[in-house]
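Any read-out appearing in this document is the output of simple, stated calculations on the displayed coordinates, not a laboratory observation. This is a predicted model, so every value here is computed, not measured. Here the Cβ is made from the backbone with ideal geometry for all residues, glycine too, and neighbour counts use every protein chain on show.
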Amino acid sequence: MLLSLRIALKALATHKMRTVLAMLGVFLGAFALTGVLHITLAMEQKAVEETEKLGPNLLMAMTGNIRFRRGDIRPDAGNTNFKLPDAVALLDGLPAAVGGVPFLSFPMPIRSGSKKVMCQVVATWPDYPSIRGNSPRYGRFFDQSDEDEKALVCALGPAIATRLFGSAEAAVGQSVFIFRARLSVVGVMEEKGSDVSGANQDEQVFVPLSTYMRRMSNKNYIHGVYVRLADGADFDTSRDAATSILRRRHAIDTAKGQPDDFKVLTAKDTMEVKQQALDLVQTLGFISSSLSFGIGGLGILSIMILLVRARRLEIGIRRAVGAKRGDIIRQFLIESGMMATAGGAAGTLVSVAVLAVVYRLGQFPSVYSPVLIGGSLIGSATLGILAGAYPAWQAANVEVLSVLRDE
């Protein structure tokens, strides 16, 4: 066996260019397969983490048609048919609901002194932190007395607080302006990042719903309601129940073909939107890696056929001094397997190095699967053995006498 390995290494080193070209296709296949599948796993893990940021067991009912764009899920801000009593009816009418908050959300500039930045103002009820799982890190969230009194107070996302005041902790007790309204900062939220709906929760500013609707904008509608369901609740049943409640309140007759003027979503629904994109990426990755592996296999097959023709004399001499057909077959299978394994190993290692950079720049969780890495190496070796089977058979069936006579 050691002799066969030494002969294989010498033969591959003698034909360096052919060896490199044969390895290139397998290299690209292993690189694509390892990279795409790992990135898909990382994106799935990130989607799960983002879904958890929405809040535990969350159901969302939003006004108008929901816009899905680049992973962003937003209500139709121009639709004014969703009223506060609709939210109350949902919270009272859903058997699985254990809490919930209505909300209004608009992009607006916020100012402190000479500094002004854009933010997403979220007007809601005091129970928002418990419903969405987003609590203050410094100070407090506004309470029921602030809601009842329409108090001019707010809680800042940490990114907004840092931009306006240099640090999150320094923002508590300061004042900010949204349009002409001067609001006292009573708290700064913990860092949460973007959720699966595409909203960056660190760039949001929270104000009491009554304050926004009566003292800041004089609006009589909301954009939707977040509902927290009981543990173990059936999301599909709750979604259907919420849909029935809103259709009844909005006098929508589906039998007459009237479309819904609202949308009810669960965390499962938002995950499905992301999963469709992930499935497409995974499918394209399989196709590209399969093509690369196929090209690599053909490359090894053609190179090994050329090597058999170029080494007819070597084969004849080895057969003449006692080598068996099985020895010749094993020799060429070892060479083709070594080429494919080396190409696959190089592609896998480079892919892992690139993944480390992608994970860091894209802020993805670092996911490395030993099964995928090992599978890529085993697949490369198997491809090499299969591609070398026919050339090995050709080499084993070389006519010794005719080779020695001709050469």
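Tabulated data for the structure shown
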item	result
Ranked by how many other beta carbons lie within 10 Å on average, peptides 365-371, 19-25 from highest	19-25, 365-371
Whether the stretch 336-377 is rounded, prolate or oblate, judged on the alpha carbon gyration tensor where a/c under 1.5 counts as rounded	oblate
For Phe262, distant residues with modelled amide H under 5 Å away	Gly64
Whole-Hz ³J(HN,Hα) from phi, Karplus 6.51 cos²θ - 1.76 cosθ + 1.60, for the stretch 216-229, glycine and proline x	10, 9, 6, 9, 10, 9, 10, 8, x, 8, 9, 10, 9, 9
Inter-probe distance in nm under a simple model that places probes 7 Å from Cα toward Cβ, at Val98 and Lys324	7.1
Under Karplus coefficients 6.51, -1.76 and 1.60, residue-wise ³J(HN,Hα) of the stretch 97-104 in Hz, glycine/proline x	6, 10, x, x, 9, x, 8, 10
Three-way shape label, the stretch 102-225, alpha-carbon gyration tensor, a/c 1.5	rounded
Order of Asp236, Asp86, Asp127 - criterion: other Cβ atoms within 10 Å of each residue's Cβ, fewest first	Asp236, Asp127, Asp86
Antiparallel %, DSSP beta bridges [both residues in the stretch 102-225], to 5	70
Pair Asp127, Val354: separation of 7 Å Cα→Cβ label points (nm)	5.0
Other-chain or far-sequence residues with amide H under 5 Å of Gln174's (modelled H)	Val185
Phi-based couplings in Hz for the stretch 237-254 (Karplus 6.51, -1.76, 1.60; Gly and Pro marked x)	5, 5, 5, 5, 5, 5, 4, 5, 4, 5, 4, 5, 6, 9, 6, 9, 9, 5
Only Lys, Arg (+1) and Asp, Glu (-1) charged, at Cβ; the stretch 102-225 dipole about Cα centre in debye	580
Among the listed pairs Lys83/Lys263; Lys46/Lys83; Lys83/Lys150, those beyond 24 Å (Cα-Cα)	Lys46/Lys83
Exposure proxy order (Cβ contacts within 10 Å, fewest to most) of Asp143, Asp92	Asp92, Asp143
Residues whose placed amide H lies under 5 Å from that of Ser194, excluding near-sequence neighbours	Gln201
Ascending count of other beta-carbon atoms within 10 Å, so fewest first, for Lys256, Lys219	Lys256, Lys219
